[in-house]
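The values are calculated or read from the model by the stated rules, or taken from the named source; none is laboratory data. Just so it is clear, the structure is predicted and the values come from calculations on it, not from any experiment. Cβ: placed from backbone, ideal geometry, glycine included. Neighbour counts: every protein chain shown.
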Amino acid sequence: MNLNLLCPASLKSAHRHSSLDLILPLTGLDLAKIRLILASLPKRPPFILQSPPYSPYHAAVLIGLCNRETEGPAIILTVRSPTLRAHPGEICFPGGRHDQKTDLSLLSTALRETHEEVGLKPDQIEYLGSLQPVYNSSRSTLVWPFVAFIYPRQTTSLSPCLHPVIPRLMSKLDTTPLPSFRLEELCGKYHKEEVVQILQVGFSTLLRPDKQIPAFFRGNSQKPYLEWDMADGTPGLNESGDTEGGMRSEGKTRSLRLWGLSGWFVNSFLWILEAL
């Protein structure tokens, strides 16, 4: 696996052979290319260290891409409440467990949970495809990651939303930069008992060597990946509506790292982009 893609020097080299630029705003044509590469991924069994001892639960998360006004594309992440029983205070994607009674599909699960947690509506979301599912660390739940593009709330959908969990249709296939998404749109709309902050992590941040921490996914030497230091300089929306850069609490910089399963999904997506 080529971790050098995440370094600026090799990124420039990769761009000479790629039609997608991770620094410039995403366009409708870029989304079409991402959709095609995700659709062409080989269907492989989920990565696990050991087979689960029983039939697992299923969960889904949304890897939401968006454009920013001045700094290029980014990924939407959340910081979980420190009072939660599972993964308190950690960075993760919005998502949750599949509800067989209400969810039409696993994509419906990701859309429903994203709306409940951060306030994004399905008609703001253009579905692009999915990555390989991965079991959680306890092997009790198989997590399905869905990739999408996030539009600002005021953007008119290309078609009416016929169902509360049906995302919007495809954007136009041209090279015009897609609308930028502002975190302020989610002020007062996210679930504060579960989420204490919403992050807009730019690809430019992920490519910074001073943010990268080489590691092994779940200690497996066959699974090298990068983790990221998100303690300072990452735009985030908190309960007060503040969107200044930096993750701070009580005047002190919080120690936050993008790692684990969420970090693995970010790595997986960046590796896939190398093929574009």
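Screening residue 130 against (1) within 21 Å of residue 168 (Cα to Cα); (2) of a type in the set (Ser, Thr, Tyr); (3) touching a Ser or Thr at 6+ places or on another chain (Cβ under 8 Å) leaves a single unmet condition, (3). Out of 252, 223, 189, which single residue is out of contact with any Pro (no Cβ under 6 Å at 6 or more places or on another chain), at pLDDT 95 or above and of a type in the set (D, E, K, R)? So the residue among 252, 223, 189 that is out of contact with any Pro (no Cβ under 6 Å at 6 or more places or on another chain), at pLDDT 95 or above and of a type in the set (D, E, K, R) is 223. Among the conditions (1) outside any helix (DSSP H, G or I); (2) closer than 14 Å to residue 59 by Cα, the only one that residue 79 does not satisfy is (2). For the range 61-89, taking the residues that are out of contact with any helix residue (DSSP H, G or I) (no Cβ under 7 Å at 6 or more places or on another chain) and hydroxyl-bearing (Ser, Thr, Tyr), the one that is nearest to residue 235 (Cα to Cα) is identified as 70.
If the requirement is being under 29 Å from residue 55 (Cβ atoms) and either modelled with pLDDT of 95 or more or surrounded by 23 or more Cβ atoms within 10 Å (Cβ to Cβ) (or both), which of these qualifies: 120, 111, 84? Just one listed residue meets the conditions, 111.
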